[in-house]
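Student: Just passing along the structure, written as structure tokens.
Each reported figure results from applying straightforward, stated rules to the coordinates on display, with no laboratory input. Keep in mind that this is a model prediction, so the values were computed, not measured. A quick note on method: Cβ atoms are made from the backbone with ideal geometry, for glycine too, and the neighbour counts reach across all protein chains shown.
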Amino acid sequence: MKKVFKLILILLIVGSLGFLGFYVFDKSENTAEVFETDSTFLTDIQRKTVATGAINPRKEVEIKSQVSGVVQKLFVEAGDKIEAGQLIAKIQIIPDVVALNNAQARLKEATINYKNSEQEMERQKKLFIEKVISQQSYNQFLLTYDLNKQQVEAAENNLDLIKEGASKKSGAVSNLVRSTVAGMVLDVPVKEGNFVIESNTFNDGTTIASVADMKELVFEGKVDEAEVGKLREGMDLALVVGALDTIKFAAKLEYISPKGVEEEGAIQFEVRASVELRSDHFLRAGYSANADIVLEERKDILAVQEKNLIFEDDKIYVELQKSDQEFEKVEIKTGISDGINIEVLKGLSEGSWVKTL
């Protein structure tokens, strides 16, 4: 009895599986694949390249000290607007021992010469009054006296400059740092108490402040060699500043470097464009930015989505819909592309439907 029951159970399972398989097979045979389609359309297409770079002042001046010493007082800070000649800092001079000793020695020497010439002049003056010597001889002693007097004043001024950075008699001041240009203070890299080195022939010296005219800014970026040949001076750029999200600034290309520089295996060419400022947004020096450069533009042209193209044997095809779910592969000719849409020059008309790939 148990054997009969097992046999019946096996037959039922096999029969169920067979029916299920037949149903699935029949269902798949009767289900036709449905393809989606896209229509051709009229649109504007721009072919662009992107240059990455930053916004910088056209002219940025580093203000340096004429003397070495310690920053005694700072009169400006970053963000201040200043005029040419405005006081930036005062430097407390730490005299060089050798230079100080030499200056003191020159002053002593000049003083001795002056006193000797003064005594000699008085003696020669009496002889001239008594008409023992001529006017010409007396004038020579007078000239020597005046020269020695001048050397004493020069030695005193030099000693004052070495010790204090200022000459009381001549009014010359070297320890006061003044701006050479008008503009905005971008940076003050030193603090009160810092030691600074003077700017001279042998070194650049310590920068006290950086000043620039923030009303004249430029975009400085780089373009790949594959695109630089399509650029020309005067082209319009659209700048997108990273710190300002989607805010765009207009710019005009004014410089393309004649020489490329290799970076990470690719040749890059420097480009520069003048930026048109906006009254509603302040651009800060050093902002990173991307510049969209339109290389070619076509308006109101027939186009199709580039994803629907078929490339075979250096030819371009699409599957054109002839009737419901019936398609024919046709060759087309294309024009410019923006990476999403592509111009159709030949092979399709407005309102044609092609298979979506």
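Student: On C-alpha positions alone, give me the angle between the axis of helix 2-30 and the longest principal axis of the chain, in degrees, nearest 10.
Tutor: 70 degrees
Student: Treat the count of other C-beta atoms within 10 Å as a stand-in for reagent exposure and order 219, 195 from fewest to most. It would help to have the intermediate numbers written out before the result.
Tutor: Working: 219 27, 195 13.
In order of increasing Cβ crowding within 10 Å: 195, 219.
Student: Counting other C-beta atoms within 10 Å, which of 202, 269 has the fewest, and how do the rest follow?
Tutor: Numbers: 202 8, 269 20.
In increasing order of surrounding Cβ atoms, one gets 202, 269.
Student: Something else: Ordered by packing density, taken as the mean number of other Cβ atoms within 10 Å over each peptide's residues, highest first, how do 42-51, 319-328 rank?
Tutor: Values: 42-51: 15.8, 319-328: 13.0.
Going from most to least packed, we get 42-51, 319-328.
Student: Can you sort 277, 107, 253 so the residue with the fewest Cβ neighbours within 10 Å comes first?
Tutor: Values: 277 13, 107 18, 253 21.
Placing the least packed residue first, the sequence is 277, 107, 253.
Student: Using the Karplus equation 6.51 cos²θ - 1.76 cosθ + 1.60 (θ = phi - 60°), what ³J(HN,Hα) coupling, rounded to whole Hz, does each residue of the range 137-148 give in order, writing x for Gly and Pro?
Tutor: So the J values, rounded to whole Hz, are 5, 5, 5, 5, 5, 5, 5, 5, 4, 5, 5, 5.
Student: Report the Cα-based extents of the range 294-357 along its three principal axes, largest first, to the nearest Å.
Tutor: 40, 27, 18
Student: Suppose R0 equals 22 Å; then what is the FRET efficiency for residue 298 and residue 333 from their Cβ-Cβ distance, rounded to the nearest 0.05? Could you put the intermediate results ahead of the total?
Tutor: Working: r = 14 Å, r/R0 = 0.65.
Here the calculated transfer efficiency is 0.95.
Student: Around residue 187, with a cut-off of 14 angstrom between Cβ atoms, what is the net charge of the other residues, counting Lys and Arg +1 and Asp and Glu -1? Before the final figure, lay out the partial values.
Tutor: On the way: positive: 64, 191, 284; negative: 60, 62, 77, 80.
Neighbourhood net charge equals -1.
Student: So how far, in whole Å, is the C-alpha centre of the range 277-355 from the one of the range 193-232?
Tutor: Using only Cα atoms to place each centre, the spacing works out to 41 Å.
Student: Can you pull a Stokes-Einstein diffusion coefficient for the range 60-212 at 20 °C (1.002 mPa s), Rh from Kirkwood over Cα pairs, as a whole number of µm²/s? Could you put the intermediate results ahead of the total?
Tutor: Working: Rh = 18.3 Å.
Estimated diffusion coefficient is 117 µm²/s.
Student: Next question. Given H placed on each backbone N at 1.01 Å, which residues far from residue 332 in sequence or on other chains put an amide H within less than 5 Å of it?
Tutor: 316, 317, 318
Student: Oh, and also: Take the Cα atoms of the chain, find their three principal axes, and give me the spread along each one in whole Å, biggest first.
Tutor: Extents along the principal axes, in whole Å: 163, 66, 40.
Student: Rounded to the nearest 0.05, what FRET efficiency is calculated for residue 195 and residue 78 with R0 set to 25 Å and r the Cβ-Cβ distance? Display every interim value, and only then the final one.
Tutor: Working: r = 21 Å, r/R0 = 0.83.
Computed FRET efficiency for residue 195 and residue 78 comes out at 0.75.
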